[in-house]
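The values are calculated or read from the model by the stated rules, or taken from the named source; none is laboratory data. Predicted, not measured: the structure shown is a model, and the values here were computed from it. Reconstructed Cβ throughout: ideal geometry from the backbone, glycine too, with neighbour counts over all protein chains shown.
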Amino acid sequence: MVDLDTSISFLIYVTAVSSAAAGVTEACKSIIPFLATDYEPQEDCLEDHNLAGTLTNYKKFLNLLISVVSAGVIFGVLGLDPALLLIGEPHAYVEDPWNAGIWMWGIVAVFGSPFFHSVLKILEGLRQRMQLNQSPPKPKQKVSGRR
């Protein structure tokens, strides 16, 4: 069953893997100069602008591809299925962590990371608010013994 605690643990897990994948991508940028270079047209002509745009798009695509593959590998190495974490299963480890279902979580983690981070902040605030107000306040009514 999905509840607040399982939702928060799911979001923490997915955003942590996404952050780790971003770290791997940054490490690859430091090794492969093509991935960190900003491309500008040499002259103000259409061919140079097209070449700069094409190289920039290749760079963005390869950065995203590295992030997705590294997130998939991280999910596979950990062997945890985020969906099982979300529904609160007692054992979230999977027998075959290298199947396509786990790799798809790499795509979800990379492209959904900003959304998951925002939802995580909202749910954390909700949980803190619920912990401060353990029970709802009882209704109060002023009474007088005079008639």
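Within the range 19-33, can you find the residues that are of a type outside the set (Gly, Ala, Ser), assigned to a helix (DSSP H, G or I) and surrounded by 12 or more Cβ atoms within 10 Å (Cβ to Cβ)? So that I can check it myself, show each step before the final result.
Pass one, the range 19-33, residues of a type outside the set (Gly, Ala, Ser): 24-26, 28-29, 31-33.
This time we only want the ones that are assigned to a helix (DSSP H, G or I), so: 24-26, 28-29, 31, 33.
Passing the criteria: 24, 25, 26, 28, 29.
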- Message: Which residue is modelled with the lowest pLDDT, if the candidates are limited to the range 113-143 and must be charged (D, E, K, R) and within 24 Å of residue 15 (Cβ to Cβ)?
- Response: 129
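Residue-by-condition table, conditions (1) more than 22 Å from residue 109 (Cβ to Cβ); (2) of a type in the set (D, E, K, R):
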site: 8; (1), (2): no, no
site: 11; (1), (2): no, no
site: 14; (1), (2): no, no
site: 43; (1), (2): yes, yes
site: 49; (1), (2): yes, no
site: 57; (1), (2): yes, no
- Positions within the range 1-30 being polar (S, T, N, Q) and either touching an Asp or Glu at 6+ places or on another chain (Cβ under 8 Å) or within 30 Å of residue 59 (Cβ to Cβ) (or both), in sequence order: 15, 18, 19, 25, 30
- Residue list for the range 1-18, filter: farther than 16 Å from residue 73 by Cα and either of a type in the set (Ser, Thr, Tyr) or assigned to a helix (DSSP H, G or I) (or both): 4, 5, 6, 7, 8, 9, 10, 11, 12
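Which of the residues that make up the range 84-104 are free of Cβ contacts under 8 Å to residues at least 40 places away in the same chain, among the hydrophobic types (A, V, I, L, M, F, W, C) and more than 30 Å from residue 33 (Cβ to Cβ)? First the steps, then the outcome.
So the first thing to find is which residues in the range 84-104 are free of Cβ contacts under 8 Å to residues at least 40 places away in the same chain, and the list is 84, 89-104.
Narrowing further to those that are among the hydrophobic types (A, V, I, L, M, F, W, C): 84, 92, 94, 98, 100, 102-104.
Of everything in the range 84-104, those that are free of Cβ contacts under 8 Å to residues at least 40 places away in the same chain, among the hydrophobic types (A, V, I, L, M, F, W, C) and more than 30 Å from residue 33 (Cβ to Cβ) turn out to be 84, 92, 94, 98, 100, 102, 104.
Within the range 107-144, take every residue that is assigned to a loop (DSSP other than H, G, I, E, B) and of a type in the set (D, E, K, R) and give me the one that is farthest from residue 76 (Cα to Cα).
First, pick out the residues of the range 107-144 that are assigned to a loop (DSSP other than H, G, I, E, B): 133-144.
Pick out the ones that are also of a type in the set (D, E, K, R) and you get 138, 140, 142.
Details: 138: 50, 140: 55, 142: 62 Å.
Checking each candidate, the answer is 142.
Is there a residue being part of a helix (DSSP H, G or I) and polar (S, T, N, Q) anywhere in the range 86-106?
Of all residues in the range 86-106, those part of a helix (DSSP H, G or I) come to 86, 100-106.
From what is left, the residues that are polar (S, T, N, Q) are none.
Within the range 86-106 (the criterion being part of a helix (DSSP H, G or I) and polar (S, T, N, Q)), the answer is no, since none of the residues qualifies.
Could you grab me the full set of residues in the range 37-81 that are touching a residue at least 40 places away in the same chain (Cβ under 8 Å), assigned to a helix (DSSP H, G or I) and either surrounded by fewer than 18 Cβ atoms within 10 Å (Cβ to Cβ) or of a type outside the set (S, T, N, Q) (or both)? Can you show your working first?
We begin by selecting, within the range 37-81, every residue touching a residue at least 40 places away in the same chain (Cβ under 8 Å); these are 64, 66-68, 70-71, 74-75, 78, 80.
Going one step further and asking which of them are assigned to a helix (DSSP H, G or I), we end up with 64, 66-68, 70-71, 74-75, 78.
Once the filter is applied, which keeps residues that are touching a residue at least 40 places away in the same chain (Cβ under 8 Å), assigned to a helix (DSSP H, G or I) and either surrounded by fewer than 18 Cβ atoms within 10 Å (Cβ to Cβ) or of a type outside the set (S, T, N, Q) (or both), the range 37-81 yields 64, 66, 68, 71, 74, 75, 78.
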